[in-house]
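Read through the structure below, which is laid out as structure tokens, and then see the notes.
The values are calculated or read from the model by the stated rules, or taken from the named source; none is laboratory data. Only a predicted model underlies this, so the values are computations on that prediction, with no experimental measurement involved. Methodologically, a virtual Cβ is constructed for each residue, glycine included, from the backbone with ideal geometry; neighbour enumeration extends over all protein chains shown.
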Amino acid sequence: MLIDDEPVLSCLALALDVQGAAIETVEGLRGAAGHHELQIAFAELGAAQCGYCTPGILMASKALLAENPRPTQSETSAWLAGNLCRCTGYIKILEAVELAADRIETRRSAGEENATHRQRRRAAAPPDEAELIPIEGKRGTPREIRQNLQTGETEGVSDG
Amino acid sequence: MLRLPPFVFRPARTVVEAVDLFGSASASGDEAMFVAGGTDLLPNMKRRQFEPAVLVGIRRIDEMRTITNSNRTAILGSGATLYQIARQPRLATEHTALVEACRQVATPKIQRMATLGGNLCVDTRCNYYNQTFEWRKSIGFCIKKDGDICLVAPGSSKCWAISSSDTAPALIALGASVRLVGPAGSRDVAVADLYRDDGINYMRRRPDELLSQVRVPRIEGLRSTYVKIRRRGSFDFPILGVAAAIRMQGNRVAGASLVLGAVHTHPVVVTEATDLVGHEPTAERLQAVAEAAQRHATPLDNADLTLYWRKQITAVTVRRALESLVG
Amino acid sequence: MQLPQMLYGRLLCSHRPHARIKRIDTSRAEALPGVKAVITGIDLPHKYGILPVSEDEFPLEIDKVRFVGDPIAVVAATDEFICEAALQLIEVDYEELPTAMSIDEALRPVEEADRIHDYGALEAAGNVHKQVHLEFGDVDAAIEAAPHVLEGMYFYEGNTHLALEQHAALAHYGADGKLTLWSSTQTPHYVHKAMAKVLELPTSRIRVIATPNGGGFLTPSRGKSDPFPHEFCAAKLSMMCRRPVKITLTREEIFYMHRGRHPVLMWVKTGVDDDGKILGLDFQSFVDGGAYGSYGVASTYYTGALQTVTYKIPTYRFRGLRVFTNKAPCGPKRGHGTPQPRYALEIHLDRIAEQLDLDPLQYRRSILVDEYSMTVNHMRVTSCGLDECLTAVGDASDFASKRRQLPYGQGIGMGCGSYLSGAGLPIYWNDMPHTSVDLKIDRGGGVCAKCMEIDIGQGSDSVLAMTVAEVLGIEADEIQLVTADTDTTPIDLGSYSSRVTFMMGNAAKQAAEKLRERILEAAGNKLEVSPEELAAAHGMIVHARTGKSMSFREAVPLAEARGGQLSSTGFYRPNRLAGPYKGSGVGPSPAYSYSCAAAQVDVDVETGIVTPQRIWIAHDCGRAINPVLVEGQVEGSVYMALGEIFLEEQTYRKGLHKFPSMLEYKSPTFLEMPPVETILVESLDGEGPFGAKECGQGPLLPVPPAVANAIYDAVGIRIDELPITPDKVLRGLERKAAGKESRVGPNRVPNVIWPDPIRVDPVWYDQPPEAYVPTIRRVDAEPPGSAKGSPNCEHRESP
């Protein structure tokens, strides 16, 4: 969790000793506009398997990106070295942090601070017909193409 | 899960208040301890290695968290976190060993909670002692807590728990001292004199004395380093710490210090390092110091990996540390 | 989880490694205010055990304790502080018994009264649990006739799962006389079964819900595949107190529950021809089982069963022995009993290649099993992508140009492996399906899939949803799942043996196909086209030729109107695969996954510290239903392997676990993980759902030997013993410098009188192996999205 924006261990923080401090846990990571980019990237890239270590890693990653918006994978490794995961082998976590950082930076430079991922997806231009996944080796039927355009999805993306 | 035992928490806002709170707890017959980051103390309490009735909180004492860097001395509040110290660019240049030590303590998150004072006072460690109450009960307890023999060296009358501070060897090599504030006033003690050869009463700091600040002299041209050997790149306590500092004049060594951590109940000063002074640091001379250092290392079978290996790699680790400073 | 009026429970565990309990007095604990109940062994006097052949555990031991950590009493109180205080008030008098803390100690003759258990291989001296001796063909003659004979000894230390989530159970015995247990288990069905036995309740009055919020990784890797004492105790206490009772184990207690990797000492002897072709393999394994049976009999067989499914082995002898020791009970961890022999075999092959001056990669390619063939020990091999895996890893790692060419201190090595896609037989003998999936579609077109499978982080929920969605042509996130509940979901045996994707996937596919047929029929009727010509995808049902279509949602009410409620059940039971001999039940699987790994390492020759630089791994998963999750499983397997290679060991000293804590049991951090290049090979198995096989355990197997072989390439020493710690490497280098045998590892195995062998005719018994023609028909896998195809779930005899 974060205490006054610092990533710390909740099991070693005495409640009495943090009176008046700002405490942020993973429950607060999802904003009014939707899931945090880190959460979206973790879900997309399979960076959470059992999910038990995920809250701590998400919060530590958030603090990392606040301090270093475009960390290299080795910088992320060094930052997260106090978080154990027994499922993922860490690789997808590094990739997810990188992806989230990219998206946050892209959004920042585009000046769309508050748009959620889902909103952007909806706003995205319809993909070219050539990009659509052919169904059973053939081009989709007109209705299927329309269906694809409506959802705007050509790959599995979930907010999970 | 393991629970903290019940205790009374008394937060202090000033050094004087902290010492007073400690004194009044003691006066009413309660065992008291200071707690800053709590990263060593609280897990030890969960395992019932410490059972204080009163914890005097010193984390929020502002005067203990400041870092001032004059031209002669760096004065570090003992409540400064390891992370805070590790981020000081000037310290990184002038007191490299300290910054390198801070960066290698435990994990990045713990470095943000753990304080410099806490790391200097960190409890000695032994894998017969750093266990839960139930485990220690099963093995019959040891001399350091609840028992009467040392399980590592059953013939010994003293406790062989290992000094496991990373910052202590670094600060000794840098010639630092600490200020201890107690009910009777304050005193300054060299970090080199802070520790005793006893795994139980391992410090000369009295329990009612608060370690309030660390003073590190600034020595022109001093280069220093801290090398830590441990199994993983994070989490682990040292199984060997090597702090070395060398000042060159031309191609000759003008000053040298070398301190080993995690090889004894206290940090071990390798006096043979001064043999380098006045000479060119040739490979042979560095090797001679490295071999002398290895003779000082007396690891026992109470930490990670084998004691033979821990002793065996002392020379190579020291040699590499020295080479990095004269190269 | 919390319920109103909930009590907390804590276990009192043995402080002695082996002792008779002379007296337990709980009266002072019971008198403590806040304590609601204290129970000891006599309150739960029925034995249980995951395998019917070794039901040797009481929830709380009654007469004796067998290791430090063996539970003997439990307290329920209004909070954990009171529990803890009460535990200190329980008085226990012990009478100490001699201990066995190693394989050697366990094999020493012992007085009958001092045995750890009063069952097992009692004809053998000491504490032998199980002895196996199987012989397929004339191994001795084959080895004797071989131009090259090589012997080796290897040791693989035990290690534990260390799932981050602690084991916890919450039981509530309601006013209706029904017990509900929420538990972090991988096997709700087996827990349900054991609960009924131990608590003497009909199964209808017990509901087990496996909590979905995981804390582990694939299959037995979570360490929660046995029923555990705290589950029974929480239930019993709730029945007594008529209040919910929750027990959360401490991290130390979880180290004691263990059921992790068995320490295994191995002896290997091979005879090979001048090209390295294996003529005979003679294998012995000595398995340190810890204090209880658990899955141990199966684990012992597994140390011998799968040697034959990767390379052609025409004659084979396996002798295995499991001992009881006064340590935490071992069980199945990722790869269940197979990473240990795989470590031995793959290093052994590297030695053969070295001796015959063969490239280790090309050598392996030259001796691979044929796909769709039978092995000498009657394992049926179907699809096998191992050749492709070897080629892919060789190319990706540039193996040929790196081996023997890297500077001193750096090296590259490789290894292979294979694993089950689900055990061919259930844990207790029966002819029923291993898994069933119920589907129901509501009138709004909403699909609900029910199955007792439990997602432990490996993504089985997504496999269930995606499989059903694929068949019905809708999106996976539109499917609602009900899982892991013995009351509301149909049977699935649990998340172990890498069985879920293969078995549940087939059941889900079958169930969905039944409904699809009805829906397409209704749609075809409405659209006036032939149902066979309709395709379902993206929520639409489309007739491609005419462009006629309707949505899935429109078709559902039409189908219900025609034939009633849209619900179906699919199930899966593997073919009868076991060979004609005792012990043949362990090893058969409807399909094997294959993997190959290469490791590049850097060895610091002054300190012995080995740093893995990069791992390449290719895994034949049949088909990647969800490639992201498959990669995640492969990477997670590599990670877990690296922990076992370099860091993790469940070791003991003075009768106790040396360091039952997360600080001293070294689990790799971000900084220990090298880059991993994962290559997925899709061999499209004929019987897997859409061709899929397992991916969660197999990829661990090739990594440890690959690293050991890489160290040999780097500095010329053999480390025949895991974990590979820097002291062992330094010792090896010193021995090499001194001109001694440059290896570190075991130098002897116990001299055991083995029982007479069970001699089994190999499949090609009366023909030379060359003449053997595979008789298994290859089944073409259907690609996802195809409109036709039938599930391979019917019961077929294997050849």
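The table below gives the values:
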{"item": "Subset of segment C:714-744 [in a helix (DSSP H, G or I) and not aliphatic (A, V, I, L, M)]", "result": "C:P726, C:D727, C:K728, C:R731, C:G732, C:E734, C:R735, C:K736"}
{"item": "Condition broken by A:M59, with the remaining ones in (1) within 11 Å of another protein chain (Cβ to nearest Cβ); (2) surrounded by fewer than 22 Cβ atoms within 10 Å (Cβ to Cβ); (3) in contact with a Ser or Thr (Cβ under 8 Å, 6 or more places away or on another chain) satisfied", "result": "(2)"}
{"item": "Elements of type strands (runs of 3 or more DSSP E) contained in segment C:434-514, each with 2 or more residues being crowded, with 24+ Cβ neighbours inside 10 Å", "result": "C:435-441, C:447-451"}
{"item": "Scope segment C:613-623; condition surrounded by 20 or more Cβ atoms within 10 Å (Cβ to Cβ) and either on the phi > 0 side of the Ramachandran plot or away from chain A (no Cβ under 12 Å) (or both); matching residues", "result": "C:W616, C:A618, C:H619, C:D620, C:C621, C:G622, C:R623"}
{"item": "Candidate set: segment B:138-152, residues that are in a loop (DSSP other than H, G, I, E, B) and over 23 Å from the mean Cα position of the chain (by Cα); chosen: the one surrounded by the most Cβ atoms within 10 Å (Cβ to Cβ)", "result": "B:L151"}
{"item": "Residue match in segment B:281-288 (condition: under 27 Å from B:S156 (Cβ atoms) and either surrounded by 20 or more Cβ atoms within 10 Å (Cβ to Cβ) or out of contact with any Leu (no Cβ under 8 Å at 6 or more places or on another chain) (or both))", "result": "no"}
{"item": "Some residue of segment C:579-598 being within 14 Å of chain A (Cβ to nearest Cβ) and farther than 23 Å from C:C330 by Cα", "result": "yes"}
{"item": "Single residue of segment A:10-48 satisfying the filter (of a type in the set (D, E, K, R) and out of contact with any helix residue (DSSP H, G or I) (no Cβ under 8 Å at 6 or more places or on another chain)) that is nearest to B:A36 (Cα to Cα)", "result": "A:D17"}
{"item": "Count of residues meeting criterion [of a type outside the set (D, E, K, R) and part of a loop (DSSP other than H, G, I, E, B)] in segment C:330-389", "result": "21"}
{"item": "Every residue from segment A:83-129 that is touching a Leu at 6+ places or on another chain (Cβ under 7 Å), more than 16 Å from A:E44 (Cα to Cα) and either modelled with pLDDT of 50 or more or of a type in the set (K, R) (or both)", "result": "A:L84, A:R86"}
{"item": "Hits in segment C:604-625 - residues which are of a type in the set (K, R) and farther than 19 Å from C:F670 by Cα", "result": "C:R623"}
{"item": "Subset of segment A:1-34 that is under 21 Å from the mean Cα position of the chain (by Cα) and acidic (D, E) - its residue that is nearest to the other protein chains (Cβ to nearest Cβ)", "result": "A:E6"}
{"item": "Residue match in segment B:227-239 (condition: more than 14 Å from chain C (Cβ to nearest Cβ), under 20 Å from B:I85 (Cα atoms) and either surrounded by 21 or more Cβ atoms within 10 Å (Cβ to Cβ) or basic (K, R) (or both))", "result": "no"}
{"item": "Scan of segment B:20-43 for residues that are more than 21 Å from A:V18 (Cα to Cα) and either within 13 Å of chain A (Cβ to nearest Cβ) or not in a loop (DSSP other than H, G, I, E, B) (or both), ordered by number", "result": "B:D20, B:G23, B:S24, B:A25, B:S26, B:A27"}
{"item": "Out of C:E606, C:E644, C:E631, C:E554, sole residue that is surrounded by fewer than 18 Cβ atoms within 10 Å (Cβ to Cβ) and assigned to a helix (DSSP H, G or I)", "result": "C:E554"}
{"item": "Helices (runs of 4 or more DSSP H) (entirely within segment C:16-116) containing at least 2 residues that are of a type in the set (S, T, N, Q), out of contact with any strand residue (DSSP E or B) (no Cβ under 6 Å at 6 or more places or on another chain) and surrounded by fewer than 17 Cβ atoms within 10 Å (Cβ to Cβ)", "result": "none"}
{"item": "Segment B:96-117 residues that are more than 7 Å from chain A (Cβ to nearest Cβ), paired with ones that are of a type in the set (D, E) and surrounded by 24 or more Cβ atoms within 10 Å (Cβ to Cβ) (beta carbon under 7 Å, 6 or more apart)", "result": "B:A101/B:D166; B:Q104/B:D166; B:V105/B:D166"}
{"item": "Condition met for C:P668 (under 23 Å from the mean Cα position of the chain (by Cα), surrounded by 23 or more Cβ atoms within 10 Å (Cβ to Cβ) and either of a type in the set (G, A, S) or within 12 Å of chain B (Cβ to nearest Cβ) (or both))", "result": "yes"}
{"item": "Identity of the residue in segment B:107-137, part of a helix (DSSP H, G or I) and hydrophobic (A, V, I, L, M, F, W, C), that ends up farthest from B:L211 (Cα to Cα)", "result": "B:W135"}
